[in-house]
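First up is the structure itself, then whatever we jot down about it.
The values are calculated or read from the model by the stated rules, or taken from the named source; none is laboratory data. Everything numeric in this text was worked out from a predicted model, so none of it was measured. Cβ sites come from the backbone with ideal geometry, for glycine too, and all protein chains shown count toward neighbours. We work out accessible area using only protein heavy atoms, side chains counted, and drop any ligands, DNA or RNA first. Shrake-Rupley method; radii C 1.70, N 1.55, O 1.52, S 1.80 Å.
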Amino acid sequence: MADAGMLRFHVPEPEVRPGGTPDFSNVTIVVAGSVPRPEIDVDPRTIRDMAFSIIRVLNRDGEAVGPWAGLLSSEELLEGLRNMMTLRTFDARMQMAQRQGKTSFYMQHLGEEAVSCAFRKALAPGDMNFPTYRQAGLLIADGYPMVTMMNQIYSNEADPLKGRQLPIMYSSKEHGFFSISGNLATQYIQAVGWAMASAISNDSRIAAAWIGDGSTAESDFHSALVFASTYKAPVVLNVVNNQWAISTFQGIARGGSGTFAARGLGFGIPSLRVDGNDYLAVHAVAKWAAERARSNLGPTLVEYVTYRAGAHSSSDDPSAYRPKTESDAWPLGDPVMRLKNHLIKLGVWSDERHAQAEAEILDTVIAAQKEAESHGTLHAGGKPSTREMFEGVFAEMPPHLRRQRQQAGV
Ligand SMILES: Cc1ncc(C[n+]2csc(CCOP(=O)(O)OP(=O)(O)O)c2C)c(N)n1
Ligand SMILES: [Mg+2]
């Protein structure tokens, strides 16, 4: 009682700051293969501890172990590796293009490639993602043309969104990729609403909501969980915990809940945590959650434990707020290297083949980049016409816009 009358509040602090030694001793890593795989119709009350564990398949020796292993063939795993390598190479080239002034802005996925690439493979055609800017792997893994993505990044004459969106905010109905909105957490309520609409119209398509650790602090996240829980919407609720929200560490948005997955427990939603750098674990958990949604068992909340190894965006400098070597100390490793080692262990891959694949992928990405640049970049070549700025928004153009278009002489 010594403090009676003196109120305080608490501001969580990251373990270390720039110049310090990285410390992830607060991240408890369970042994691969040790978390059980319940039936999809499990009573959520009996699996509450899964919100505090981590489902892992790949062990330190590159073997796939435990009840969540065995869902993917070697061919599917090789395709997964290629998709992750493609996303990484695409990112590196586009980050460079931003530095060269060919686009205004870019956001990388470095270290988080497994999350979106493996998740895509657990969905069926027609399912709809409501992604953030950190899930371009959903498009790459679904075969969306890289050159179309680049056209948008360059805001050139072939930009499918005609220069109206931020460079990396893609949109493709055909590839189940709802237009990205920069307003974070809106994706959650939209996904739950879309899933409910799908059920109301007796459809079979499910939705997937996406959010980062930091954005779970937004009220949209919590409202979405109320609707998903009450109406048992056919939706997978994804939280990508990459440890950082620009310069804010995950402890701020997580608060006292222990984990982000634990946020689902108060809503009675089955909530799992998974090793986000383990392609096999991400895919297996996504498949489990998608099957639940498709079987009218309702929502599942999945927290992907990963690390944002790159900067937040091309406008960010992480050395201002975290040790430079922090990503090397991340205990769950690198998703590309882990899948590569597994495939070598299976005898279907080698260091030589990996190096050859890297070179081939780089050639493919550069060829796509050349093609996109032939349509223009931010400051050179073709641009969307000024006329298009006025079109495609209203079914019938209102008089004030018609006047402005006439004034612009287009
Ligand atoms: C509603 C809203 N608030 C603030 C921002 C500005 N903002 C852009 S990215 C970002 C950090 C988000 O972090 P997190 O949710 O962890 O996602 P990550 O970037 O790590 O993938 C913020 C605050 C925004 N875009 N939308
Ligand atoms: Mg984050």
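A few notes on this one:
- Measuring nothing but protein heavy atoms, the accessible surface of the chain at 1.4 Å probe radius is 52 percent carbon and sulfur.
- Loop-located GluC sites (Glu not before Pro) in the stretch 12-107 (DSSP state other than H, G, I, E, B) with a sparse environment of at most 14 neighbouring Cβ atoms within 10 Å: 39.
- The stretch 354-410: radius of gyration over Cα atoms, expressed as a fraction of 2.2 N^0.38 Å: 1.91
- Principal-axis tilt of helix 279-294 within the chain, Cα atoms, nearest 10 degrees: 80 degrees
- Across every pair of non-identical alpha carbons in the stretch 173-254, the mean reciprocal distance, once inverted, gives a Kirkwood radius of 13.3 Å.
- The alpha carbons of the stretch 273-410 give a radius of gyration and a Dmax of 23.9, 67 Å, in that order.
- The mean accessible area for residues of the stretch 160-216, using a 1.4 Å probe and ignoring ligands and nucleic acids, is 42 Å² per residue.
- Cα gyration tensor, the chain - rounded (a/c under 1.5), prolate or oblate: rounded
- By average C-beta atoms within 10 angstrom, highest first, the peptides 113-120, 326-333: 113-120, 326-333
- Solvent-accessible surface of the stretch 53-92, taken per residue with a 1.4 Å probe and all protein chains present: 41 Å².
- The stretch 353-368 - phi-based ³J(HN,Hα) in whole Hz, Karplus 6.51/-1.76/1.60, Gly and Pro as x: 5, 5, 4, 5, 5, 4, 5, 5, 5, 4, 4, 5, 5, 5, 4, 5
- For the chain, averaging the sequence separation of C-alpha pairs within contact (under 8 Å, six or more residues apart) and dividing by the residue count gives a relative contact order of 24 percent.
- Whole-Hz couplings from phi, Karplus 6.51/-1.76/1.60, listed for the stretch 372-388; x for Gly and Pro: 4, 5, 5, 9, x, 10, 3, 10, 9, x, x, 10, x, 6, 4, 4, 4
- Taking Cα atoms only, the orientation of helix 74-99 departs from the longest principal axis of the chain by about 50 degrees.
- Residues with amide H under 5 Å from that of residue 55, placed H, sequence gap 5 or more: 273, 274, 275
- Working note: Cα gyration tensor of the stretch 1-54, eigenvalues times five, square-rooted, sorted largest first, giving semi-axes of 36, 23, 8 Å.
- Among the lysines of the chain, pairs that are 8 or more positions apart or on different chains and have alpha carbons within less than 21 Å of each other number 11.
- Here the stretch 111-214 yields Rg over Rh of 0.97, to two decimals, using C-alpha coordinates and the Kirkwood radius.
- Rounded to the nearest 500, the 222 nm mean residue ellipticity of the chain from helices alone is -11000 deg cm²/dmol, with -39,500 (n - 2.57) taken per DSSP H run of at least 4 residues.
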